[in-house]
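The values are calculated or read from the model by the stated rules, or taken from the named source; none is laboratory data. If you're wondering where the values come from, they're calculated on a predicted model, not measured in any experiment. Cβ placement follows ideal geometry from the backbone for every residue including glycine, while neighbour counts extend to all protein chains displayed. Side chains are part of the model used for accessible areas, which takes the heavy atoms of the whole protein and leaves out ligands, DNA and RNA. Shrake-Rupley method; radii C 1.70, N 1.55, O 1.52, S 1.80 Å.
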Amino acid sequence: MSLTFHWFLPTYGDSRHIVGGGHGLPAGDAGGQRPGTIGYLTQIARAAEQLGFEGALTPTGAWCEDAWLTTAMLARETDHLKFLIALRPGLIAPTLAAQMAATFQRHAPGRLLLNIVTGGESHEQRQYGDFLDKDARYARTGEFLSIVRDLWQGQTVDFDGEYLRVEQARLARVPDPVPPVYFGGSSPAAGEVAARFSDVYLTWGEPPAQVAEKITWIRELALHAGRTVRFGIRLHVITRDTADQAWAEARRLLDGFPPNAIRAVQEGLARSESEGQRRMLALHGGSTDGLEVAPNLWAGIGLVRGGAGTALVGSHAEVTERIVEYQRLGIEEFILSGHPHVEEAYWFGEGVLPRLAEAGVWRRPGAAEQATGTEVQVPFAGRG
């Protein structure tokens, strides 16, 4: 089976340095920022599309732009790229969310993927009027997905749960195809929801041994629920022609982290309720020393950014090896990013994807007639 690769859309802006934010932290950067305009995001989306990425993750939260509106605009500027839209169940009614998915699939057929984000930080959720605690949010997410999945099957839904209630809910048009549901979380409550409702379970970029433990955990839970689940991983990448060049870029990024900024971000993230965020923090402990936590796995990004905090760093050949290592554990989908996102898409797309194709583990999606070695030009923001 061919691996699937997705890129990332920084709707909060981009930079040649690390742009922070996430998990309740405001977006910020350590250098000149590129505003996340539709023109610039179009450049990233077209680059990803041309290079062979299947889709692009769009984040959600108070620190970035709305994912639904942004991707609806970008769908008009691209041809076949899919959009992995991050959606918070507590902020939208399940029937409306199901209807929005159907509308998106009608106007951009087959190009919607949904990343369900329960919300790890209570103080950020309260900004949106959501005052449930973490475990209650996961229970509500289960109710939400139960309603949405039944609606997508064309059922008329009556549901009276602890957190959600609908009567005679029905869609005039069901999504075709039904979008796959991506879901992540490291707590016991998250695992139960993932096993029952997700199509793809996502983990952040932990060392292979820890990823293997998560895969075993979710597989067993899914088996008890009578289901099977695919697995994906969220990572940053710094890949160059040589390992020395890649690590030099990692050091350049690290040199751009002022000590006071690291302290402020770490103090903020230490208050996180997310088990996944706790596991990310444990990889580096707030220190700039010993950041290579596994071969070619660098934890430096997590010093100034919430959420996914590790990067694959190395030569194209080394990064290819690490991806194959994760594949052997059971990872089928990779959601990647790099700073800045246009340039790093090309480093990976031209340096690593051809090697994965030669290894027989990746095939360009939906375009078998295109030669993988074709030269690609950096796209402009305007639509020709």
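Using the C-alpha atoms of region 133-189, what convex hull volume per residue, in cubic angstrom, is computed?
Hull volume over Cα atoms, normalised by residue count, gives 79 Å³.
Ratio of Rg to Rh for region 1-117, alpha carbon only, Kirkwood?
0.97
Taking 7 Å along the Cα-to-C-beta vector as the label spot, tell me the ALA136-ALA357 distance in nanometres, rounded to one decimal.
Once both label points are built, they end up 5.2 nm from each other.
On a 1.4 Å probe surface of the protein chains, which of MET73, MET280, MET1, MET100 comes out largest in accessible area, and what is the full order?
MET1, MET73, MET100, MET280
Determine the distance separating the Cα centre of region 303-329 from the Cα centre of region 163-198; give it in Å without decimals.
29
Working from the pairwise distances between different alpha carbons, so that the mean of 1/r is found and then inverted, what is the chain's Kirkwood radius in Å?
On the way: mean 1/r = 0.0474 Å⁻¹.
One decimal place: 21.1 Å for the Kirkwood radius.
In Å², what does the accessible area per residue of region 1-115 work out to with a 1.4 Å probe? Present the calculation step by step, with values, prior to reporting the outcome.
Details: 3890 Å² over 115 residues.
The answer is 34 Å² per residue.
Take every DSSP beta bridge with both residues inside the chain and express the antiparallel ones as a percent of the total, to the nearest 5. It would help to have the intermediate numbers written out before the result.
Details: 11 of 47 bridges.
Roughly 25 percent of the DSSP beta bridges within the chain come out antiparallel.
Quick one: which residues, 5 or more positions from LEU57 or on another chain, have an amide H under 5 Å from its amide H? H modelled 1.01 Å from N in the peptide plane, none for Pro or chain starts.
Counting only residues 5 or more places away or on other chains, the set is TRP7, PHE8, LEU9, LEU84.
Taking all protein chains in place and a 1.4 Å probe, what share, in percent, of the accessible surface of the chain do carbon and sulfur account for?
Values: 7860 of 15980 Å².
Carbon and sulfur together cover 49 percent of it.
Using a 1.4 angstrom probe, figure out how much accessible area region 158-223 has per residue, in square angstrom, rounded to the nearest whole.
Per-residue accessible area for region 158-223 comes out at 49 Å².
How many Å² of accessible area per residue for region 283-323, probe 1.4 Å? Provide the component values of the computation, followed by the final result.
Values: 1070 Å² over 41 residues.
For region 283-323, the per-residue accessible area is 26 Å².
Starting from the Cα gyration tensor of region 61-192, take the square roots of the eigenvalues, sort them a ≥ b ≥ c, and report rounded, prolate or oblate (rounded when a/c is under 1.5, otherwise prolate if a/b is larger than b/c, else oblate).
Verdict is oblate for region 61-192.
Give me the extension gain from ALA209 to GLU267: residue separation times 0.36 nm, minus the current Cα-Cα distance, reported in nm with one decimal.
Numbers: separation 58, 0.36 × 58 = 20.88 nm, distance 2.77 nm.
So the extension gain works out to 18.1 nm.
Can you tell me, using C-alpha contacts under 8 Å and at least 6 residues apart, the relative contact order of region 1-141 as a whole percent? Numbers along the way, then the final one.
Working: 217 pairs, mean separation 30.0, N = 141.
About 21 percent, as a whole number.
Mind checking which of LEU164, LEU113, LEU81 has the largest fluctuation in a GNM of the chain, springs on alpha carbons under 10 Å?
LEU164
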